[in-house]
Amino acid sequence: METVIRKQTSFRLREDLLQTLQEHAKKANRSLNNFVESTLMDAMYSEPNEETVAAIIEARETKNKETFDSVESLMEELTK
């Protein structure tokens, strides 16, 4: 297994963001450093699969999109 080299750095974060990160890390029983690192890794290295990419493109390009007032009306349409 390859050794991961970590470099110490610092960031200036909004106080409310830092507090939220600390709360989420505590709920996950993880250190703040580990929580932030894994969150950044997920954000940087998560790529959608082909089906998801196609759905994103379709949603962005479709004109006159059908909208729904509630989850119930959406589910009713989907089960037709």
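The values are calculated or read from the model by the stated rules, or taken from the named source; none is laboratory data. Computed from a predicted structure; not experimentally measured. So basically every Cβ, Gly included, is an ideal-geometry build from the backbone, and we count neighbours across all protein chains shown. SASA here: full protein model, heavy atoms, side chains in, ligands and nucleic acids out. Shrake-Rupley method; radii C 1.70, N 1.55, O 1.52, S 1.80 Å.
Give the carbon-plus-sulfur fraction of the accessible surface of the chain in %, rounded to a whole number; probe 1.4 Å, heavy atoms of protein chains only.
53 percent
Total Lys pairs in the chain closer than 26 Å by alpha-carbon, pairs eight or more apart in sequence or interchain only?
Lysine pairs, 8 or more places apart or on different chains, close enough: 4.
Quick one: among 62, 39, 20, which has the greatest mean-square fluctuation in a GNM of the chain with alpha-carbon springs under 10 angstrom?
The residue that fluctuates most here is 62.
Residue 40 to residue 27: extension gain in nm, 0.36 nm per residue of separation minus the Cα-Cα distance?
Gain in length upon complete extension: 2.9 nm.
Can you give me the accessible area per residue for the chain, using a 1.4 Å probe, in Å²?
104 Å²
(1) -0.86, -0.95, -1.15; (2) -0.50, -0.79, -1.21; (3) -0.70, -0.97, -1.10: which one is log10 I(q)/I(0) by the Debye sum over Cα atoms at q = 0.15, 0.19, 0.24 Å⁻¹ as calculated from this entry?
The calculated read-out lines up with (1).
Using a simple spin-label model with points 7 Å from Cα along the Cα→Cβ vector, what separation in nm is obtained for residue 6 and residue 63?
Result for the modelled spin labels: 5.2 nm.
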